[in-house]
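I have placed the structure first, in the form of C-alpha cells, so that the comments after it can refer back to it.
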Amino acid sequence: MLVSIKKSYEEVSKAAAVLVAERIRRKPNLVLGLATGATPIGLYQELIRMNREDGLSFSKVTTFNLDEYIGLPRTHPQSYYQFMWEHLFRHIDIPSRSVNVPDGMAGDIEGHCEWYEEEIRRKGGIDLQVLGIGANGHLAFNEPGSSLGSRTRIKTLTEQTVGDNARYFKSIHEVPKTAITMGIGTIMEAKEVLLLASSASKAEAVRAAIEGPITALVPASIIQMHRKAYVTIDEEAASKLTHTFSG
Ligand code: GLP
C-alpha cells in the first residue's frame, strides 16, 4: 500500500490524474473503474484538462462505475449516471458505448448485477479502480458489515450514508434507500486500486481503513490486502494517522 499525503485537495486531484493518465498512456484500452461523490470531481476536472490540452485520449478506454441508486431513472439529476456524464464523460472523447454505470431501473436487478460482473470479465477485468471512502468506512455502497468477498448486488444504505448523501437532494426523504454496488470482491479483483480522500470528515475512516484491523465493519480496510493499492489523501484526511507516511 502506497500512502501519499498531499498538502491540499488540488494536489490530491493532480497526483491522482497523473497516475490515471500514465496508465492510459501505457495501455490506451485501459479498463478504468470510476467512483462518484465530491472527492473524485477534482481528478475528473484534471483529466478533462489533460484530454483538451495534453492529448490524453479516452477513445479506447472502457469505464465501469462502482454503483448506482435503485429507483432513479438515468435522467434524474442525482443519478450517478448523470453525475458521470456531467462531471466527466461529456467533456472527453470517450464513446458512449464504452461507459458502464449500473442501471438502477433495470427490471431484473439481480440479473443486471450478474450481467455487470460478466461485462467486467468480458473486458478482461478492471485495470485501475478509483475509489472514495464513506465517513463510515464504506467503499462504493458496501456498507459496514458487507461481506469482504461480495460481488455486484443490491445493498440497503445505512442511515448515516442516506444522511451524508441528503445534501444532494431536496430532502432526505428523496434519497433512495437501496443501491446496486460492485462488491468488495469485485473491487479487490481490480489490478490496481486508487483510494482518494480529502477533509477532516474522512480522517477517522481513513485511520480505521489504513491502520485499523481488517474488518467487514470497515469495508475500506480490505485495501490493506490489495497488492497494488495507492492511497492519496490530503493532510486533513491524514490527520488521525499515527504512522509516518511519505509525501
Ligand atoms: C457515496 C458513494 C461512494 C463515495 C462516498 C463518498 O456513498 N457511493 O462511492 O466514496 O459517497 O463521497 P464523497 O466523496 O462525496 O465524500
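Assorted remarks:
- Ala135 passes every criterion in (1) in a loop (DSSP other than H, G, I, E, B); (2) closer than 25 Å to Lys228 by Cβ; (3) aliphatic (A, V, I, L, M) apart from (2).
- Hits in the range 138-161 (condition: buried (at least 24 other Cβ atoms within 10 Å of the Cβ) and of a type outside the set (Phe, Trp, Tyr)): His138, Leu139, Ala140, Asn142, Thr152
- Qualifying residue in the range 206-221 (condition: out of contact with any Cys (no Cβ under 8 Å at 6 or more places or on another chain), polar (S, T, N, Q) and within 20 Å of Ser4 (Cβ to Cβ)): yes
- Hey, Glu114 more than 16 Å from the ligand (Cβ to nearest atom), in contact with a Ser or Thr (Cβ under 8 Å, 6 or more places away or on another chain) and under 22 Å from Leu72 (Cα atoms) or not: yes
- Members of the range 111-136 found to be small (Gly, Ala, Ser) and farther than 26 Å from Arg23 by Cβ, listed by number: Gly111, Ala135
- Index of the failed condition, Ile133 passing every other in (1) within 16 Å of the ligand (Cβ to nearest atom); (2) surrounded by fewer than 19 Cβ atoms within 10 Å (Cβ to Cβ): (2)
- Within the range 83-106, the set of residues being among the hydrophobic types (A, V, I, L, M, F, W, C) and either under 27 Å from Asn165 (Cα atoms) or surrounded by fewer than 17 Cβ atoms within 10 Å (Cβ to Cβ) (or both) comprises Phe83, Met84, Trp85, Leu88, Phe89, Ile92, Val99, Val101, Met105, Ala106.
- The range 157-188: number of residues that are among the small types (Gly, Ala, Ser) and more than 19 Å from Ile109 (Cβ to Cβ): 3
- Residue check, Tyr44 crowded, with 18+ Cβ neighbours inside 10 Å and within 14 Å of Ile92 (Cα to Cα): yes
- Restricting the range 50-79 to residues that are of a type in the set (Lys, Arg) and more than 20 Å from the chain's Cα centre (by Cα), the residue that is nearest to Asp103 (Cα to Cα): Lys60
- For Glu211, the criteria (1) touching a His at 6+ places or on another chain (Cβ under 8 Å); (2) crowded, with 18+ Cβ neighbours inside 10 Å; (3) without any contact (Cβ under 8 Å) to a residue 40 or more places away in the chain hold in every case but one, which is (2).
To keep it simple, each residue is scored yes or no on (1) closer than 22 Å to Thr186 by Cα; (2) touching a Lys or Arg at 6+ places or on another chain (Cβ under 9 Å); (3) charged (D, E, K, R); (4) more than 16 Å from the ligand (Cβ to nearest atom).
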site	(1), (2), (3), (4)
Ile70	yes, yes, no, no
Pro73	no, no, no, yes
Phe89	no, no, no, yes
Glu119	yes, no, yes, yes
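- Identity of the residue in the range 107-123, touching a residue at least 40 places away in the same chain (Cβ under 8 Å) and closer than 12 Å to Arg153 by Cα, that ends up surrounded by the most Cβ atoms within 10 Å (Cβ to Cβ): Tyr116
Computed from the coordinates by the stated procedures, all read-outs in this text should not be read as laboratory data. These numbers were taken from a predicted model, which means no experiment stands behind them. Quick reminder, even Gly has a Cβ in these numbers, built from the backbone with ideal geometry, and neighbours come from all protein chains shown.
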